[in-house]
Amino acid sequence: MDIRIAGIVNDSIVDGPGIRLTIFTQGCSHKCPGCQNPQTHDFNGGELTTTEAILAKIDGNPLLKGITLSGGEPFEQAAPLIEIVKAVKARGLDVWAYSGYLFDELVEGKAGPLAIELLKLCDVLVDGPFMQDLKTFSAKWRGSSNQRVIDVPASLAAGSAVDMPGM
Ligand code: SF4
């Protein structure tokens, strides 16, 4: 399946625990003021690749603990990411996702039904838009202090966002 990406980092250590393959999807409708990656906003920009090509990269790195979905806005390209994430979970890897949507907005379907399906497959969600005036270098895994590091299975079971322990 086709997927439009801004880029891939094969061995990230800053987008979640352990060594991770991070997929930066292309296209984002949030337009957060002060966004550090404005080149990822255009849904026709970036590079067209395939889910098969990305899975081949994942299989080429035996050191991966998991993958991270970032952007752009990954939940606005949910269909190909669902395919990738299902295959990744079958390989025993974990899945983190960054989104400009809040957990509650995704659950309510603000990004569409496929985004809900993608959320259900994720282990951890770092939610909310980057906010320039809340920018921080000290909050682990987050760019601004409004963002939350959410345990997705626990949150879906509880019906509201549950922070990862220690966050
Ligand atoms: S959600 Fe992320 S990529 Fe999109 S505008 Fe906000 S900070 Fe930039």
- Message: What number does the range 2-63 give for Rg over Rh if you use C-alpha atoms and the Kirkwood radius?
- Response: 1.01
- Provide the percentage of antiparallel DSSP beta bridges, counting only those with both residues in the range 1-131; round to the nearest 5. 45
- Query: Which trypsin sites (Lys or Arg not before Pro) from the range 82-138 combine a DSSP loop assignment with at most 16 other Cβ atoms within 10 Å?
  - Reply: 91, 110
- At 0.36 nm per residue, minus the direct Cα-Cα distance, what do residue 61 and residue 91 gain on full extension? Give it in nm, one decimal, please. 9.6 nm
- Regarding the range 18-152, what is the average projected area of its C-alpha convex hull, in nm²? 7.9
- Query: With each run of n ≥ 4 DSSP H residues scored as -39500 (n - 2.57), what mean residue ellipticity at 222 nm is computed for the chain after dividing by its residue count and rounding to the nearest 500 deg cm²/dmol?
  - Reply: -7000 deg cm²/dmol
- For the chain, give the percent of accessible area contributed by carbon and sulfur heavy atoms, probe 1.4 Å, rounded to a whole number. 56
- log10 I(q)/I(0), Debye, Cα-only the range 102-148, no solvent, q = 0.29, 0.31 Å⁻¹? -0.98, -1.05
- Order by accessible surface, 1.4 Å probe, largest leading, for residues 67, 8 comes to 8, 67
- the range 2-158, dipole about Cα centre (Lys/Arg Cβ +1, Asp/Glu Cβ -1), debye to the nearest 20: 340
- Note on the structure: The alpha-carbon center of the range 94-167 and that of the range 1-70 are separated, in whole Å, by 17
- Message: Beyond a 25 Å Cα-Cα separation, which of these cross-linked pairs lie in this structure: 57/135; 57/140; 120/140?
- Response: 57/135; 57/140
- Item | Largest-first ordering by accessible area, 1.4 Å probe, given options 41, 30 | 30, 41
- Task: Write out the chymotrypsin sites (Phe, Trp or Tyr not before Pro) in the range 121-164 meeting two conditions: DSSP loop, and at most 14 other Cβ atoms within 10 Å of their Cβ.
- Result: 137
- Message: Can you compute the FRET efficiency between residue 145 and residue 117 using 1/(1 + (r/R0)^6), with r the Cβ-Cβ distance and R0 = 22 Å? Round to the nearest 0.05.
- Response: 0.15
- Note on the structure: Residue-normalised value, i.e. accessible area per residue, for the range 15-135 at 1.4 Å probe, in Å², stands at 43
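The values are calculated or read from the model by the stated rules, or taken from the named source; none is laboratory data. Computed from a predicted model, the values in this text were never measured in an experiment. As a convention, Cβ positions derive from the backbone with ideal geometry for all residues, glycine included, and neighbour counts pool all protein chains shown. Side chains included, ligands, DNA and RNA excluded: accessible areas come from the protein's heavy atoms. Shrake-Rupley method; radii C 1.70, N 1.55, O 1.52, S 1.80 Å.
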